[in-house]
Structure formats: structure tokens, C-alpha cells
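Please read the structure below before turning to the comments.
The values are calculated or read from the model by the stated rules, or taken from the named source; none is laboratory data. Since we're looking at a predicted model, the values are computed, not measured. All Cβ positions, even for glycine, are placed from backbone atoms using ideal geometry, and neighbour counts span all protein chains on display.
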Amino acid sequence: MAISRAITMDTSPSLNAFHKVSDRIAAACRGAARDVSSVTLVAVSKTYDAPAITPILDAGHRIFGENRVQEAKSKWPQLRQGYDGIELHLIGPLQSNKVSEAVFLFDVIQSVDRPKIAEMLAREMEQQKKKLRLFLQINTGDESQKSGVPLADADRFIEYCMGMLPVEGLMCIPPVTDSAPKHFAILARLAHDHRLTSLSMGMSSDFESAIACGATHVRVGSAIFGAR
Ligand SMILES: *Cc1c(COP(=O)(O)O)cnc(C)c1O
């Protein structure tokens with residue numbers, strides 16, 4: 001068993017890529033004079049199933065992200081049976097009819113972006129006696145097609161949620177057409193203003209720059225699992 005597991009690890013492309021990403025995160029932390037332990041890698045496993053994910057679990061990583069409730073439901077309850085301590089993050093939009101399932105399936109929700117969802121989460125966590133960690137998603141580029149609370153409403157929304165929920169931090173997805181660091185700085189400023197310590201920003205293409213801007217959580221998918 002131990003031998004076959006070692007062979008699987010050595011030959012797993014996702015595990016090799018995972019180690020490369022981890023090394024790059026460590027280098028970015030050194031470059032920013034930050035402790036490596038101050039940045040959490042959320043391995044985004046959306047569209048990939050167990051054979052791609054288990055080598056990374058076997059290597060000891062436990063923090064993963066999914067963008068769809070249904071997909072998480074089809075994969076993670078089973079994976080949790082084989083591995084202790086999994087921490088699953090919802091990073092995609094949350095519809096009101098999925099709030100109950102999301103509270104059941106996830107440990108962290110990063111995409112809270114409207115009062116109704118915040119209210120439903122508060123109720124559902126109470127009902128299920130389960131306390132999730134929450135990030136509020138800010139639409140720093142005010143893109144109409146993107147989820148996240150518009151920048152103009154951000155202060156009010158953050159205050160509203162903090163009065164009712166265990167808000168840990170803020171999350172953003174910068175517009176692809178704009179300079180990412182500008183948006184990372186906007187998010188960092190907002191978090192600072194509201195004394196929130198966690199910042200989820202940075203994906204495969206820009207996690208090093210996000211770390212330089214203060215990211216505490218980077219959400220990396222394709223650089224680990226391959227193109228989708
Ligand atoms: C898919 C996704 C990611 C990861 O994107 P990659 O470019 O594959 O690293 C990060 N955040 C969110 C919200 C996503 O949906």
C-alpha cells in the first residue's frame with residue numbers, strides 16, 4: 001500500500017504541479033518579506049475528480065475550493081470519508097435555493113455577496129448548528145456580469161454582514177482586462193478599513209502579485225490541475 005501510494009505520488013501530474021505552486025508561493029512570500037504561513041493555498045479542484053485530487057490529499061494538503069454546490073456534492077462527501085480534516089471552500093456564486101446544501105457541504109463560503117444570502121446563511125448556520133467561516137465577495141471592477149457586491153455598496157454591505165455573521169475577510173476576482181494589483185489594492189484597503197484580516201485574491205495567473213499585495217488566501221486551479 002505504502003509503495004503503490006508512493007508511485008502514484010511520483011507520477012501524478014497534479015501533485016508535481018502542486019509542489020511547484022507551493023514553491024512559487026514560498027518564493028513570493030520571501031520576496032514580500034512575509035511568513036509562508038501567512039498565505040493559505042486553496043487548491044481549486046472544480047471540473048477535476050478524485051483521481052486528480054487524491055494524490056494531493058495523500059501528500060497532506062487539505063484545503064480545496066469548488067465553484068458549484070452540485071459538483072461539490074458529487075465529489076466531496078466521499079472524499080471526506082477517506083481523509084480527515086478537509087476544509088472545503090465555496091468560491092462560486094451561491095443561489096438562495098442552495099444555501100442549505102452549501103452550509104452542509106462547505107466549511108468556508110467566500111462568495112457572500114447580497115443581504116438576502118447573508119440572512120439565509122445566518123439562519124441556516126443556526127439551524128444546522130454549524131459555524132462556517134465567511135468571506136464577502138466584492139466586485140471591485142463593477143462588472144455587470146460578475147457576482148460580488150458593487151464597490152459603491154461595499155462599506156454598507158460589509159457592516160451589515162459583520163453585525164450578523166462571522167465575517168473573516170473579503171474576496172475579489174479582478175476584471176481580466178484590467179491590472180490585477182489595482183484591484184488587489186482596493187480589496188486590501190476595504191479590508192483594512194473594516195479591520196478584516198483575511199484577503200482572498202490571486203488565481204493561477206496572478207497569485208504572486210496578490211501575495212505582494214497582502215493576499216492571505218490564493219485560489220489556484222489550472223496551475224495545479226491543468227487547463228479546464
Ligand atoms: C476557477 C476559479 C479560480 C481558479 O482559477 P485558475 O485560473 O484556474 O487558477 C479562482 N477563483 C474562482 C472564483 C474561480 O472560479
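Structure summary
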| quantity | calculated |
| --- | --- |
| The lone exception for residue 128 - which of (1) over 24 Å from residue 166 (Cα atoms); (2) modelled with pLDDT of 95 or more it fails | (1) |
| Residue satisfying all of: in the range 62-91; within 15 Å of the ligand (Cβ to nearest atom) and in contact with a strand residue (DSSP E or B) (Cβ under 6 Å, 6 or more places away or on another chain); farthest from residue 133 (Cα to Cα) among these | 72 |
| Qualifying residue in the range 148-159 (condition: assigned to a strand (DSSP E or B), touching a residue at least 60 places away in the same chain (Cβ under 8 Å) and out of contact with any His (no Cβ under 9 Å at 6 or more places or on another chain)) | no |
| Residue in the range 34-55 that is surrounded by the fewest Cβ atoms within 10 Å (Cβ to Cβ), counting only those that are more than 16 Å from the ligand (Cβ to nearest atom) and closer than 17 Å to residue 218 by Cβ | 37 |
| Residues of the range 187-210 that turn out to be surrounded by fewer than 19 Cβ atoms within 10 Å (Cβ to Cβ), touching a helix residue (DSSP H, G or I) at 6+ places or on another chain (Cβ under 7 Å) and in a helix (DSSP H, G or I), as a count | 2 |
| Residues satisfying the stated conditions in the range 144-174, i.e. touching a helix residue (DSSP H, G or I) at 6+ places or on another chain (Cβ under 6 Å) and either among the basic types (Lys, Arg) or surrounded by fewer than 15 Cβ atoms within 10 Å (Cβ to Cβ) (or both) | 164 |
| Boolean, residue 126 is away from the ligand (no atom under 16 Å from the Cβ) and either without any contact (Cβ under 8 Å) to a residue 24 or more places away in the chain or surrounded by fewer than 16 Cβ atoms within 10 Å (Cβ to Cβ) (or both) | yes |
| Pairs, first under 28 Å from residue 81 (Cα atoms) in the range 96-121, second of a type in the set (Lys, Arg) and part of a strand (DSSP E or B), C-beta under 8 Å, six or more apart | 107/133; 108/133; 109/133; 110/219 |
| Residue within the range 65-74 that is without any contact (Cβ under 8 Å) to a residue 60 or more places away in the chain, small (Gly, Ala, Ser) and outside any helix (DSSP H, G or I) present | no |
| Filtered residues of the range 175-185 (kept if buried (at least 20 other Cβ atoms within 10 Å of the Cβ) and in contact with a helix residue (DSSP H, G or I) (Cβ under 9 Å, 6 or more places away or on another chain)) | 180, 184 |
| Residue 25 vs. criteria out of contact with any Asp or Glu (no Cβ under 9 Å at 6 or more places or on another chain) and over 30 Å from residue 123 (Cα atoms) | no |
| Residues satisfying the stated conditions in the range 78-91, i.e. surrounded by fewer than 18 Cβ atoms within 10 Å (Cβ to Cβ), in a loop (DSSP other than H, G, I, E, B) and not hydroxyl-bearing (Ser, Thr, Tyr) | 84, 85, 86 |
